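Asks: Please read through the structure below; I'll follow up with questions.
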Amino acid sequence: MSLDKWWPSPAKINLFLHILGRYDNGYHQLQTLFQLLDYGDSLAFDINESGLLTLSPSIDGVNDEDNLIIKAARLLQEKTGTQKGAHIQLKKVLPMGGGIGGGSSNAATTLVALNYLWQCGLSASQLGQLGLALGADVPIFVQGCSGFAGGVGEKIHSENLAEKWYLVVNPGVHVSTADIFSQPALPRSTPAIEWHDYTFENTHNDCQSIVCKQHLEVAKLLQWLVHYAPSRMTGTGACVFSVFDNELAATRILKALPEKWAGFVARGVNTSPLHHKLKHVNDASDMN
């Protein structure tokens, strides 16, 4: 398979996560700052006319029909009425349950790529609405721009952020988002901030304390990283990130990580690699 068939499915981190309250439907009202990264999974799509959807490799412990990739493809089929299908291949490097958006990003890449390859003609806004049915983080990946988000994470304001470097570390534990959001002790009354007042120092992650109490390995990792750079848990965990001004400094700390933890260094980007890919294929199509 040629490399140009692969579509990026990048990671994200939440530079902060404040929980402002709770809606009547049980969902939490959030404020967060999504930072997209230039590192992630990759997907390839072989289109068929049979309408069949298949995935390889399957993810251990997850039925294909329950995988957000297949769910996204099926949702797009149902929305548009297309008779086309696809065999989808996945190169997985992002950990599950890590708070860096692996599954949501996979779903978004599937929606964006198949919308193009199936020639469905849906707008980015329409794809974002479809994605919201799959998860609150899907729209940010569909939109493809780093930015502030409110609501349940779907009200997105794109921002040009300073493109810092990040060391992202997986402590090797799985954190259930549903479990964390169901905890009685979870803060749910953090005052809203104005976006222009944001600094890393005057924000925090409302989920971090509870996760650290439930998963001591996350607490140990944070204690280790904070000696080297400003560090914080992303999303509902379990991954933790540290912020650096340059790649060399981040790579130096990555090399010093204890062997029990795995990590990667990535650059923060304002435009998703997925959307660079989409522009590339559109430009190539226009030339033909």
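Read-outs: derived from the displayed coordinates by stated rules, not from any lab. Note that the structure is a prediction, hence the values are computed from the model and not measured. Cβ coordinates were reconstructed from backbone atoms using ideal geometry, including for glycine residues, and neighbour counts include every protein chain displayed.
Asks: Using the scaling law 2.2 N^0.38 Å as the reference, what is the normalised Cα Rg of the chain?
Replies: 0.99
Asks: Of the cross-linked pairs LYS5/LYS79; LYS92/LYS213; LYS5/LYS92, which ones have a Cα-Cα span greater than 20 Å in the structure shown?
Replies: LYS5/LYS79; LYS92/LYS213
Asks: Kindly provide the chymotrypsin sites (Phe, Trp or Tyr not before Pro) of the range 1-54 that DSSP labels as loop, not H, G, I, E or B, and whose Cβ sees at most 11 other Cβ atoms within 10 Å.
Replies: Within the range 1-54, the qualifying chymotrypsin sites (Phe, Trp or Tyr not before Pro) (loop, at most 11 other Cβ atoms within 10 Å) are TYR23.
Asks: Continuing with the same structure: Taking Rh as the Kirkwood radius, which is the inverse of the mean 1/r over Cα pairs, what is the Rg/Rh value for the range 52-147? Don't jump to the answer; show the numbers that get you there.
Replies: On the way: Rg = 12.6 Å, Rh = 13.4 Å.
Answer for the range 52-147: 0.94.
Asks: 7 Å from Cα along Cα→Cβ at both ALA256 and VAL226: what's the point-to-point distance in nm?
Replies: So the label points at ALA256 and VAL226 sit 1.7 nm apart.
Asks: Using only Cα atoms, tell me the angle between helix 68-80 and the longest principal axis of the chain; keep it within 0 to 90° and round to the nearest 10.
Replies: Between helix and principal axis, roughly 50 degrees.
Asks: At 0.36 nm per residue, minus the direct Cα-Cα distance, what do ASP283 and ASN270 gain on full extension? Give it in nm, one decimal, please.
Replies: Taking 0.36 nm per residue and subtracting the Cα distance, the gain is 2.6 nm.
Asks: Something else about it: Before rounding to the nearest 500, sum -39500 (n - 2.57) across all DSSP H runs of length at least 4 in the chain and divide by the residue total; then give [θ] at 222 nm in deg cm²/dmol.
Replies: Working: 9 runs with 91 residues, N = 288.
Helices in the chain give a 222 nm mean residue ellipticity of -9500 deg cm²/dmol.
Asks: Turning to a different aspect of this structure: Can you give me the Cα centroid spacing of the range 130-167 and the range 219-243 in angstrom?
Replies: 21 Å
Asks: What percent of all Cα-Cα pairs in the range 111-249 falls into each 10 Å bin, going from 0 up to the bin containing the maximum distance?
Replies: Over the range 111-249, the share of Cα pairs per 10 Å bin runs 10, 32, 36, 18, 4, 0 percent.
Asks: Hey, got the dipole for the chain? About the Cα centre, +1 on K and R Cβ, -1 on D and E Cβ, debye to the nearest 20?
Replies: Roughly 340 debye for the chain.
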